[in-house]
Amino acid sequence: GIHRIWKTAMVDWMAPQPHQNLIDLAGGTGDVSLRFLKSGGGSACIADINHTMLNAGRARQNFHNMLNRLSWCVANAEALPFNSQIADFVTIAFGLRNITDRQAALNEAFRILKPGGRILCLEFSHVQSKPLAKLYDSWSFNVLPAMGQIIAGDSASYRYLAESIRTFPSKEILADMFAEAGFVQVRVRSLSAGIACIHSGWKLD
């Protein structure tokens, strides 16, 4: 459940205002959008390539008093169906890792942001402490799949999770990808000893 704390930390860093709108990529069932609206944001669009996830989000009881400030869109992050320069914020939480062309997704995020807009990406990263990294690897590749099999009847998904985290770019390389897309003032916050990171970047023009 610590991912909830990480998502709250990301939204707190955003400091949403009532006049601002968010497009949440790979938004799934809307965890980030819900936090954005509760923290004072104006409106949010939950975009995800998975139609089933979006339907699950629409059915959430805690969204019912926010329906006039929410929208949903089936969208591929590599080729977004939005006009340019329409969003104050773009977020993606635990979704960039699963996108084939990550640079294309970052380029698209830059395109749909208004000048002065900001992207924040929350994603698993690489543990910085070597002793902790060894323990984390052992947990990820041995304990986590076994727990997934016992609790959810699915060890393969949890094994994929561990493998995809290890092949994801380091925080330094990802920061360079943000810069390649055009973002400036790129900042990185490490969470839980580097298990996850938040990358932030601004579009100035």
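What to note about this one:
- Against the set [x] 1.92; [y] 1.16; [z] 1.01, the structure's computed Cα Rg over 2.2 N^0.38 Å falls on [z].
- Amide H contacts under 5 Å for residue 196, placed H, 5+ residues apart: 125, 191
- Measuring nothing but how far apart in sequence close Cα pairs (under 8 Å, 6+ apart) lie, relative to its length, the chain scores a relative contact order of 18 percent.
- Based on DSSP H segments of at least four residues, each scored -39500 (n - 2.57), the chain has a per-residue ellipticity at 222 nm of -11500 deg cm²/dmol.
- Each of residue 84 and residue 56 was given a label point 7 Å from its Cα along the Cα-to-Cβ line. The distance between the two points is 3.6 nm.
- What separates the Cα centres of the range 67-127 and the range 13-61 is a distance of 12 Å.
- Amide hydrogen neighbours beyond the local backbone of residue 113, cut-off 5 Å, H modeled: 85, 86, 87
- Solvent accessible area, Å² - residue 114, 1.4 Å probe, full protein context: 70 Å²
- Local electrostatic count, residue 48, Cβ distance below 12 Å [Lys/Arg +1, Asp/Glu -1]: -1
- Beta bridges per DSSP, both residues in the chain: antiparallel share near 40 percent.
- Full-extension gain in nm, residue 156 to residue 4, via 0.36 nm per residue minus C-alpha separation: 52.4 nm
- The chain - percent of accessible surface contributed by carbon and sulfur, probe 1.4 Å: 55 percent
- 14 Å cut-off, amide nitrogen to a point 7 angstrom out along residue 180 Cα→Cβ, residues in the range 79-106: 100-106
- Computed from backbone phi with θ = phi - 60° and the Karplus coefficients 6.51, -1.76 and 1.60, the 3J(HN,Hα) list for the range 15-25 is 6, x, 10, x, 8, 9, 10, 10, 10, 9, 7 Hz; x is used for glycine and proline.
- The distance between label points at residue 189 and residue 164 comes to 2.4 nm (points 7 Å beyond Cα on the Cα→Cβ vector).
- Positive minus negative residues near residue 177 (Lys, Arg vs Asp, Glu; Cβ under 12 Å): -3
The values are calculated or read from the model by the stated rules, or taken from the named source; none is laboratory data. This is a predicted model, so every value here is computed, not measured. Note: ideal-geometry Cβ built from the backbone for every residue, glycine included; neighbour counts use all protein chains shown. Ligands, DNA and RNA are stripped out before the accessible areas are found, and what is left, the full protein with its side chains, is counted by its heavy atoms. Shrake-Rupley method; radii C 1.70, N 1.55, O 1.52, S 1.80 Å.
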